[in-house]
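To keep things clear, I will list the structure first and then write my remarks on it.
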Amino acid sequence: CRSRSRAAAKAPARPKTDKLDRDCVGAVRCLSADQPTAGKSGHPGAPLGCAPIAHALWGHVMRFSPKDPKWADRDRFVLSNGHACALQYAMLHLTGYDLPMSELENFRRLHSKAPGHPENFMTPGVEVCTGPLGQGLSNAVGLALARAHLAARFDRPGFSLFTGGVFVICGDGCLMEGITSEACSLAGELGLSGLVCAYDDNNITIDGSTDLAFTEDVGQRFEAYGWDVSTVEDGDEDFKSVLAALSRGRGLQRPAMVKVKTTIGFGSAKANTAHVHGTPLGLDDIKQMRKDCGFPDQSFTVPKKVGEFYRSRGAAGDERMAEWKKLLDKYGEAHPAEHAELTRRLNGYMPTTWWRCLESCTKGPVEEGDAVLAALLAELHQRTS
């Protein structure tokens, strides 16, 4: 796709983007724009700007299994700017998760698997509920911390069970929140490797330019936290630089912030305006986008080669998941006690003696009216009598 919002001046030369990558990005943009238009509400701006980031992650960098969305060693993806959920639904559908096109066509409607913000109890492949600004990025720090704990607790020589990374897309709104400052400071202090945040740096908020309220140097702030910080100057069309920066972040021994300078609503007539943040595109606008991408004018369609590429990525992840489960079986033979404890945790069961931790509660009086605590203590007395 091409931008229709830029001046006619000659653009600087950019590294060539392979045709398949270009078509994939275009297809993601069109599919992301179709959803809010069909639902008559939603946020097309961020998905259009972030499509190259999403394609780099789902098409090249991340390891995931549509057959087993809860695979323990998967890479986690967190869309911290949850209003851009049409982008995540497009990627989940394309890569083969249980999210058929009919659900995308039913975007934001009652009982749809494509709700107005990502919900992990509704949509397969969504890791955490996001939308409240700052929640996603902070949750991502927790996911990275949990992975580091599991690796330290259960990995053994010859058995690297927990190598998955955590990848985030966030916007200016998330970085304005105090909770992300606290969480990201902790991530830097702990040197959490495998945590990569792509910052959608588009200089636009729902009210207008970020100059209205958010002018700090985000990069310097995260450098002070101990993060690695890099910048992609043209996140709209320099796909190779986007991919290189995200791939590099994965291999670092500390968290990485990749500032990707994008154009909100890229490819639409309303690009680079606050209006495109939360207003669905008109049919004529999407029609022109498809024409610019070289696609036929038909909504909710994906070029054959694009569909085949993404399905192959999902299939490769399923194979990786199957190999990991074979490794886990061998781990069980070599380390049966650790395997049993790991299995308990992965299945979400409490330790069989969990109640002993609360025995001290039985020594004091129960506050009047606390029926829940009284019932719990009665259960503990039965177990210890």
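The values are calculated or read from the model by the stated rules, or taken from the named source; none is laboratory data. Given the structure is predicted, the values throughout are model-derived calculations rather than measurements. Glycine also receives a Cβ, built like all others from the backbone with ideal geometry; neighbour counts cover every protein chain displayed. Accessible surface is based on the protein model in full, side chains and every heavy atom, while ligands, DNA and RNA are left aside. Shrake-Rupley method; radii C 1.70, N 1.55, O 1.52, S 1.80 Å.
Accessible surface area normalised per residue over the range 39-107 is 23 Å², counting heavy atoms of protein chains with a 1.4 Å rolling probe.
The angle between the Cα long axis of helix 336-347 and the main principal axis of the chain comes to about 60°, on a 0 to 90 degree scale. The largest-to-smallest principal axis extents of the Cα set in the range 83-122 are 23, 18, 17 Å.
Rolling a 1.4 Å probe over the protein heavy atoms of the chain, with every protein chain left in place, gives an accessible area that is 52 percent carbon and sulfur.
Solvent exposure of residue 58, expressed as accessible area, is near 10 Å², computed with a probe of 1.4 Å over the protein chains only.
When the distances between all Cα atoms of the range 132-201 are binned every 10 Å from zero, what whole-number percent does each bin get? Computed distribution, short to long bins: 20, 48, 22, 8, 1.
Among beta bridges from DSSP that stay inside the chain, the antiparallel ones total about 15%. Scoring 87-96, 155-164, 119-128 by mean Cβ neighbours within 10 Å over their residues and listing the highest first yields 87-96, 119-128, 155-164.
Accessible area per residue for the range 153-295 is 41 Å², calculated with a 1.4 Å probe on protein heavy atoms, without ligands, DNA or RNA. Taking other residues whose beta carbon is less than 15 angstrom from the beta carbon of residue 174, and scoring Lys, Arg as +1 and Asp, Glu as -1, yields -4. Relative protection proxy for 339-352, 250-263, 311-324, from highest mean packing down: 250-263, 311-324, 339-352 (other beta-carbon atoms within 10 angstrom). Taking 0.36 nm per residue of separation and subtracting the Cα-Cα distance, full extension of the segment from residue 179 to residue 380 would add 68.7 nm. Relative contact order of the chain, taken over Cα pairs closer than 8 Å and 6 or more residues apart, is 23 percent.
If you compute percent of Cα pairs over 35 Å apart for the structure shown, which of [x] 40; [y] 23; [z] 31 do you land on? Matching the structure shown: [z].
If I fit a long axis through the Cα atoms of helix 283-293 and take the longest principal axis of the Cα atoms of the chain, what angle between them do I get, 0 to 90°, rounded to 10? It works out to around 80 degrees. When the surface is traced with a 1.4 Å probe over the full set of protein chains, residue 179 keeps roughly 90 Å² accessible. Given the pairs 240/287; 19/261; 240/305; 67/259; 240/291, which span a C-alpha to C-alpha distance of over 30 angstrom in this model? From 240/287; 19/261; 240/305; 67/259; 240/291, over 30 Å: 67/259. Taking 16 Å as the straight-line reach from the Cα of residue 40, the aspartates and glutamates in range (excluding those fewer than 8 positions away in the same chain) are 103, 105, 284, 285.
Each of 64, 43, 137 was placed along the dipole of the chain (beta-carbon charges, centred on the mean Cα), and the one lying farthest toward the positive end is 64. Expressed per residue, the C-alpha convex hull volume of the range 290-347 stands at 107 Å³.
Extending 7 Å from Cα along the Cβ direction at residue 346 and again at residue 212 yields two label points whose distance is 4.8 nm.
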